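K.L.:
Sharing a structure here in structure tokens format.
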Amino acid sequence: MPPLLHVFAERFVRSIKSECLSRMIFIGPGSLRHALAEYVAHYNAKQPHQGIGNVLIEPGPLDDAMTGRVINRRRLGGLLSYYHRLVA
């Protein structure tokens, strides 16, 4: 791995440990896999990342209108949450 990528890998590991793994108790490998998959989906799709121009890695459909109700979406029982605007 090139030296520059170590920074991104270290940031991801630090984020997943502090935001997810250290806040949960796992009952087996299945619950750990589920938590990891949910966190990776949240990390890649719902958080802007400064390392790639502060743009979402997997952006959803763009909603130019600033109308519509804002709802809170949750993952992992509310441990991870983000806001989403419904299309009017």
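The numbers here are math on the coordinates, done by the rules we state, and not lab data. Just so we're clear, the structure is a prediction, and the values are computed from it rather than from any experiment. Please note: Cβ atoms are built from the backbone with ideal geometry, for glycine as well, and neighbour counts cover all protein chains shown.
K.L.:
Would you grab the residues whose amide H sits under 5 Å from the one on F26? Only those 5+ places off in sequence or on another chain, please, with H modelled 1.01 Å from N.
P.N.:
Close amide H contacts, sequence-distant or interchain: none at all.
K.L.:
Oh, and also: Which order do the peptides 17-24, 4-11 take when ranked by the mean count of other beta-carbon atoms within 10 Å per residue, highest first?
P.N.:
Top to bottom by mean Cβ count within 10 Å: 17-24, 4-11.
K.L.:
Please list, ordered by chain and number, the residues whose modelled amide H lies under 5 Å from the amide H of L80; skip anything fewer than 5 residues away on the same chain.
P.N.:
Those qualifying (amide H under 5 Å, at least 5 residues apart or on another chain) are R75.
K.L.:
Also, quick follow-up: Between T67 and E38, how high is the FRET efficiency from 1/(1 + (r/R0)^6) when r is the Cβ-Cβ distance and R₀ = 35 Å? Nearest 0.05.
P.N.:
Between T67 and E38 the formula returns 0.70.
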